[in-house]
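A short worksheet on the structure shown next.
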Amino acid sequence: MKAPPVHYAKSGDVHIAYQAVGTGPLDILMTPGSTSNLDLYWEEPSFARFFTAVAKIGRLILFDKRGTGLSDRIALAATLEERIDDMRAVLDSAQSSRAIIFGLSEGGTMGILFAATYPDRTAGLVVYGSSARWTRAPDHPWLPPREETLTYLANQEREPTFGSKESLDAAIAAMAPSRSNDAAFKEWFGRLGRSGSSPASRLALTRFNMDSDVRDVLPTIHVPTLVLHQTGDRDVPIESGRYIAKHIPGARLVEFPGIDHIFNVDPEGTTVVLREIRNFARGLTTPSGADRLLTTVLFTDIVDSTRTAAKLGDQEWGKILDQHWRDARTEIARFQGREVKTLGDGVLATFDGPTRGVRCACAIRDAARSAGIEIRAGVHTGECLVSGNDLQGVAVNLAHRVMEKAGTGEVLVSSTVRDLTVGSGIRYRDRGQSSLKGIEGKWNLLEVESGY
């Protein structure tokens with residue numbers, strides 16, 4: 001089948017390739033797994049049939065993630081923050097204000113973060129064959145250990161097998177075993193893999209996924225959610241789908257028989273997924289407005305401000321303080337944040353991405369140091385309640401408590417921020433677990449060390 005026209009959305013300095021197919025009362029944005037190529041998709045009949053069927057439910061918007069397919073190639077794997085920026089850019093370019101976010105495999109992680117961060121643009125969330133993390137943890141014992149991934153990376157760097165017959169056979173066995181004897185499909189799948197990404201970008205993606213983790217994000221999702229998973233999926237075990245559904249409030253889990261990670265290569269899997277998406281779309285209602293969303297919260301505070309003010313005098317201290325506010329507001333704007341309010345000698349600001357929040361905190365710290373003062377800062381990403389121009393919720397309190405644990409010139413973050421900034425180049429020093437006043441449990445805090 002002939003591929004639809006390819007369009008490009010601009011996301012920062014990167015061009016993101018996308019297609020829009022069909023018409024309907026709603027839009028469906030499909031976030032792909034690790035490999036995609038918009039042109040090659042349509043050469044495989046099972047893919048073309050599935051896309052055509054979805055486009056009858058609503059307008060289907062497909063895209064290649066940055067670094068893959070027809071989108072701009074990049075040196076390193078993109079962060080989750082950059083990827084959801086790309087999703088938003090595609091929706092903007094396609095003139096879509098709200099869409100069902102349909103995340104496949106690794107794309108499910110992107111969909112989860114997008115739905116939590118932009119509930120006003122998410123009509124509903126569908127997650128298929130995905131996982132909240134990709135290596136073993138105490139609550140994910142069914143996944144391979146991190147050490148196994150490190151061994152794989154070392155072997156591939158020493159003796160690459162990308163594009164080989166052995167590599168293709170292994171990929172088919174994991175992702176589409178029901179088509180393992182289909183020579184035409186195997187030939188197409190091999191071309192899709194080679195054209196979807198390069199050997200270096202595939203390894204960079206594997207490194208990224210090794211530490212990617214959105215478990216803390218799941219409880220913050222408040223849009224209608226459908227989780228789909230094949231019980232015999234050989235690439236992502238069914239337990240991962242069950243975990244996601246259990247931890248997203250109100251999510252509905254649909255398990256169905258099958259062994260293919262790529263469900264649409266199997267007619268029975270395709271039938272189930274189409275039926276469930278169709279029913280899910282019919283049941284959606286227009287929300288009254290999002291008042292809870294995932295937000296990165298930044299608190300700053302000037303260290304020893306009272307003593308410094310007494311030493312300098314009111315007039316000189318006033319000049320320094322005015323300059324500090326100007327610098328802080330400049331940096332907040334540069335990193336696309338929003339100043340909520342000033343609090344004594346500090347500022348409360350929010351960001352729709354944790355990497356921007358961390359980098360802004362460091363920039364404010366450096367500007368203050370140049371002006372002869374020191375600050376401390378705390379950053380946390382969590383669910384916030386939006387009340388007019390103000391912000392409330394445990395995440396706000398937690399960010400403030402994190403700041404209180406910071407020493408002179410330090411930027412401390414929660415482990416949630418660390419997990420969501422994987423691939424950003426920011427490096428942290430583990431400060432261990434701390435009790436935070438008024439916050440239940442122990443919290444792992446980390447100091448921003450470099451790479452910001």
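Answer yes or no as to whether Thr408 is crowded, with 23+ Cβ neighbours inside 10 Å, within 18 Å of Ala363 (Cα to Cα) and among the hydroxyl-bearing types (Ser, Thr, Tyr). Step through it out loud before you land on a result.
Numbers: crowded, with 23+ Cβ neighbours inside 10 Å: no; within 18 Å of Ala363 (Cα to Cα): yes; among the hydroxyl-bearing types (Ser, Thr, Tyr): yes.
When the stated conditions are applied, Thr408 does not pass them.
Part of a helix (DSSP H, G or I) and surrounded by 17 or more Cβ atoms within 10 Å (Cβ to Cβ), is that true of Asp235? Walk me through it before giving the result.
Working: part of a helix (DSSP H, G or I): no; surrounded by 17 or more Cβ atoms within 10 Å (Cβ to Cβ): yes.
So Asp235 fails the test.
If we only count helices (runs of 4 or more DSSP H) wholly inside the range 266-345, which ones have 1 or more residues that are within 27 Å of the chain's Cα centre (by Cα) and surrounded by fewer than 16 Cβ atoms within 10 Å (Cβ to Cβ)? Break it down stepwise before answering.
Values: elements: 267-282, 305-312, 314-334.
Passing ranges, in order: 267-282, 314-334.
With the structure loaded, tell me whether Glu383 is under 19 Å from Asp304 (Cβ atoms) and of a type in the set (Asp, Glu) or whether it fails that test. Step through it out loud before you land on a result.
On the way: under 19 Å from Asp304 (Cβ atoms): no; of a type in the set (Asp, Glu): yes.
Criteria not met by Glu383.
Only one of (1) modelled with pLDDT of 90 or more; (2) outside the structural domain of Gly111 (by TED's automatic domain parsing) is not met by Ala310, so which one is it?
Here Ala310 clears every test but (1).
Only one of (1) of a type in the set (D, E, K, R); (2) crowded, with 21+ Cβ neighbours inside 10 Å; (3) within 27 Å of Leu284 (Cβ to Cβ); (4) touching a strand residue (DSSP E or B) at 6+ places or on another chain (Cβ under 6 Å) fails for Glu106. Which number is that?
Only one criterion in (1) of a type in the set (D, E, K, R); (2) crowded, with 21+ Cβ neighbours inside 10 Å; (3) within 27 Å of Leu284 (Cβ to Cβ); (4) touching a strand residue (DSSP E or B) at 6+ places or on another chain (Cβ under 6 Å) is unmet by Glu106, namely (4).
Condition test on Arg133, is it surrounded by fewer than 24 Cβ atoms within 10 Å (Cβ to Cβ) and in contact with an Asp or Glu (Cβ under 6 Å, 6 or more places away or on another chain)? Break it down into steps so the answer makes sense when it comes.
Working: surrounded by fewer than 24 Cβ atoms within 10 Å (Cβ to Cβ): yes; in contact with an Asp or Glu (Cβ under 6 Å, 6 or more places away or on another chain): yes.
Spelling it out, Arg133 is indeed surrounded by fewer than 24 Cβ atoms within 10 Å (Cβ to Cβ) and in contact with an Asp or Glu (Cβ under 6 Å, 6 or more places away or on another chain).
Out of the residues in the range 240-254 meeting the condition of being outside any helix (DSSP H, G or I) and at negative phi, tell me which one is surrounded by the most Cβ atoms within 10 Å (Cβ to Cβ).
Restricting attention to the range 240-254, the residues satisfying the condition of being outside any helix (DSSP H, G or I) are 248-254.
Adding the requirement that they be at negative phi leaves 248-249, 251-254.
On the way: Ile248: 26, Pro249: 11, Ala251: 18, Arg252: 14, Leu253: 17, Val254: 18.
Taking the candidates together, the pick is Ile248.
In this structure, does Ile112 turn out to be in the same structural domain as Leu29 (by TED's automatic domain parsing) and either assigned to a loop (DSSP other than H, G, I, E, B) or under 30 Å from Gly232 (Cβ atoms) (or both)? Steps first, please.
Values: in the same structural domain as Leu29 (by TED's automatic domain parsing): yes; either assigned to a loop (DSSP other than H, G, I, E, B) or under 30 Å from Gly232 (Cβ atoms) (or both): yes.
Yes; evaluated as a whole, the condition is true for this residue.
It is to be established whether one or more residues within the range 388-395 are surrounded by fewer than 22 Cβ atoms within 10 Å (Cβ to Cβ), modelled with pLDDT under 95, closer than 19 Å to Lys437 by Cα and in contact with a Cys (Cβ under 8 Å, 6 or more places away or on another chain). Walk me through how you get there before you give the answer.
Step one: filter the range 388-395 for residues surrounded by fewer than 22 Cβ atoms within 10 Å (Cβ to Cβ), giving 388-394.
Checking the rest, the ones that are also modelled with pLDDT under 95 come to 388-394.
Right, trim to closer than 19 Å to Lys437 by Cα and you get 392-394.
From the residues that got through so far, the ones that are in contact with a Cys (Cβ under 8 Å, 6 or more places away or on another chain) too are 392-393.
Yes: the range 388-395 contains one or more residues that are surrounded by fewer than 22 Cβ atoms within 10 Å (Cβ to Cβ), modelled with pLDDT under 95, closer than 19 Å to Lys437 by Cα and in contact with a Cys (Cβ under 8 Å, 6 or more places away or on another chain).
On the basis of being in contact with a helix residue (DSSP H, G or I) (Cβ under 8 Å, 6 or more places away or on another chain), under 30 Å from Arg282 (Cβ atoms) and small (Gly, Ala, Ser), does Gly193 make the cut? Walk me through it before giving the result.
Values: in contact with a helix residue (DSSP H, G or I) (Cβ under 8 Å, 6 or more places away or on another chain): yes; under 30 Å from Arg282 (Cβ atoms): no; small (Gly, Ala, Ser): yes.
No; evaluated as a whole, the condition is false for this residue.
Restricting to the range 48-93, and then to whatever is charged (D, E, K, R), farther than 17 Å from Arg194 by Cα and within 20 Å of the chain's Cα centre (by Cα), can you tell me which residue is surrounded by the fewest Cβ atoms within 10 Å (Cβ to Cβ)?
Step one: list which residues in the range 48-93 are charged (D, E, K, R), which gives 49, 56, 59, 64-66, 72-73, 81-83, 85-86, 88, 92.
Filter again for farther than 17 Å from Arg194 by Cα, leaving 49, 56, 59, 81-83, 85-86, 88, 92.
Then drop every residue that is not within 20 Å of the chain's Cα centre (by Cα), which leaves 81-83, 85-86, 88, 92.
Details: Glu81: 23, Glu82: 20, Arg83: 24, Asp85: 22, Asp86: 27, Arg88: 19, Asp92: 14.
Of everything passing the filter in the range 48-93, Asp92 is surrounded by the fewest Cβ atoms within 10 Å (Cβ to Cβ).
Residues of the range 158-190 being closer than 20 Å to Thr68 by Cα, in contact (Cβ under 8 Å) with a residue 60 or more places away in the chain and more than 27 Å from the chain's Cα centre (by Cα), which ones?
Within the range 158-190, just Trp188 meets the criteria.
State all residues of the range 318-346 that are free of Cβ contacts under 8 Å to residues at least 24 places away in the same chain and of a type in the set (D, E, K, R); if no residue qualifies, say none.
Within the range 318-346, Lys319, Asp322, Arg326, Arg329, Arg338, Glu339 qualify.
Let's see how each residue does on (1) closer than 24 Å to Thr35 by Cα; (2) among the hydroxyl-bearing types (Ser, Thr, Tyr); (3) in contact with a helix residue (DSSP H, G or I) (Cβ under 9 Å, 6 or more places away or on another chain); (4) free of Cβ contacts under 8 Å to residues at least 40 places away in the same chain:
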| residue | (1), (2), (3), (4) |
| --- | --- |
| Arg202 | yes, no, yes, no |
| Leu226 | yes, no, yes, no |
| Glu239 | yes, no, no, no |
| Val273 | yes, no, yes, no |
| Phe280 | no, no, no, no |
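What are the residues in the range 116-157 that are under 22 Å from the mean Cα position of the chain (by Cα) and among the hydroxyl-bearing types (Ser, Thr, Tyr), if any?
Once the filter is applied, which keeps residues that are under 22 Å from the mean Cα position of the chain (by Cα) and among the hydroxyl-bearing types (Ser, Thr, Tyr), the range 116-157 yields Thr117, Tyr118, Thr122, Tyr128, Ser130, Ser131, Thr135, Thr149.
Could you check the range 357-452 for strands (runs of 3 or more DSSP E) lying wholly inside it with 1 or more residues that are of a type in the set (Asp, Glu)?
Numbers: elements: 375-387, 390-392, 411-414, 427-435, 442-450.
It comes to 375-387, 390-392, 427-435, 442-450.
The values are calculated or read from the model by the stated rules, or taken from the named source; none is laboratory data. Computed from a predicted model, the values in this text were never measured in an experiment. In this analysis, Cβ positions are derived from the backbone assuming ideal geometry, glycine residues included, and neighbour counts consider all displayed protein chains.
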